[in-house]
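Read the structure below first, then the notes.
The values are calculated or read from the model by the stated rules, or taken from the named source; none is laboratory data. Nothing here was measured: the structure is a model prediction, and the numbers come from that model. Using ideal geometry, Cβ is built from the backbone for each residue, glycine included, and neighbour counts are taken over all protein chains shown.
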Amino acid sequence: DGGITQSPKYLFRKEGQNVTLSCEQNLNHDAMYWYRQDPGQGLRLIYYSQIVNDFQKGDIAEGYSVSREKKESFPLTVTSAQKNPTAFYLCASEQGNQPQHFGDGTRLSIL
Amino acid sequence: AQTVTQSQPEMSVQEAETVTLSCTYDTSESDYYLFWYKQPPSRQMILVIRQEAYKQQNATENRFSVNFQKAAKSFSLKISDSQLGDAAMYFCAYRSAPLHNAGNMLTFGGGTRLMVKP
């Protein structure tokens, strides 16, 4: 079945450590997105990419980085500069005017 | 920039009854899309219903329907014959139409937690 796969489901980060969240889609979608969700709140956009080798900052990009070397992959790195990384992270993809499809998310916590 | 507001942090409904969730938004654009997403405890985001702003007819998907009032910038979700499985967080979201070249990103409201009582 086509869909979006996020891994790992749970991730723990130590002080000063960079961690990378994986997002893979086999829907052949051009656009991909990363959102952050804090408890009891809506989603906020971190980064998005409309095409391979191109991406733009969203509303809360500081402390995060992304790459888009392949159409199907859009990994998110949470750097040590992100001082409050504990949150639920959701990846989404989209083609044209169709609604975004979401992955199952990664929960990141600080050790 | 667009903003989306959901003024009801929590709502409850009796099983088999009807409930309406409110959403208002602010935009200067004339063409856009509006969505309702459901997020159950599993945290997966599930599309419930979608409305194109240029369509006057309110969207309907089985037990889910919307009341889209473009002039009032209001987009409420009505759930009829509520079921226990409807219990979840519900998010209203806005997206610019492609002509605005805004990257297709979604702007979300803060969410409404719906509880369904048996």
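Tabulated values for the structure
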quantity: Test: residue in the range A:22-30 that is charged (D, E, K, R) and within 14 Å of chain B (Cβ to nearest Cβ); calculated: yes
quantity: Some residue of the range A:54-75 being touching a Pro at 6+ places or on another chain (Cβ under 7 Å), modelled with pLDDT of 95 or more and not aliphatic (A, V, I, L, M); calculated: yes
quantity: Considering residues of the range A:76-111 that are crowded, with 19+ Cβ neighbours inside 10 Å and within 19 Å of A:GLY16 (Cα to Cα) only, the residue modelled with the lowest pLDDT; calculated: A:GLN82
quantity: Condition met for A:ASN28 (free of Cβ contacts under 8 Å to residues at least 60 places away in the same chain and of a type in the set (S, T, N, Q)); calculated: no
quantity: So B:VAL116, is it surrounded by 14 or more Cβ atoms within 10 Å (Cβ to Cβ), touching a Lys or Arg at 6+ places or on another chain (Cβ under 8 Å) and under 23 Å from B:GLN14 (Cβ atoms); calculated: no
quantity: Subset of the range A:48-94 [within 10 Å of another protein chain (Cβ to nearest Cβ) and touching a residue at least 12 places away in the same chain (Cβ under 8 Å)]; calculated: A:TYR48, A:SER49, A:GLN50, A:GLY58, A:ASP59, A:PHE88, A:LEU90, A:ALA92, A:GLU94
quantity: Enumerated strands (runs of 3 or more DSSP E) restricted to the range B:37-118, each holding at least 3 residues that are of a type in the set (Phe, Trp, Tyr); calculated: B:88-96
quantity: Residue that is modelled with the lowest pLDDT [pool: residues in the range B:45-63 that are buried (at least 17 other Cβ atoms within 10 Å of the Cβ) and under 14 Å from B:ALA88 (Cα atoms)]; calculated: B:MET45
quantity: Output for the range B:3-36, where each listed residue is surrounded by 16 or more Cβ atoms within 10 Å (Cβ to Cβ), within 12 Å of chain A (Cβ to nearest Cβ) and not in a strand (DSSP E or B); calculated: B:GLN6, B:CYS23
quantity: Residue check, B:SER42 among the small types (Gly, Ala, Ser), within 14 Å of another protein chain (Cβ to nearest Cβ), exposed (fewer than 14 other Cβ atoms within 10 Å of the Cβ) and out of contact with any helix residue (DSSP H, G or I) (no Cβ under 7 Å at 6 or more places or on another chain); calculated: yes
quantity: Residue list for the range A:26-40, restricted to those being surrounded by 16 or more Cβ atoms within 10 Å (Cβ to Cβ) and closer than 12 Å to A:PHE88 by Cβ; calculated: A:TRP34, A:TYR35, A:ARG36, A:GLN37
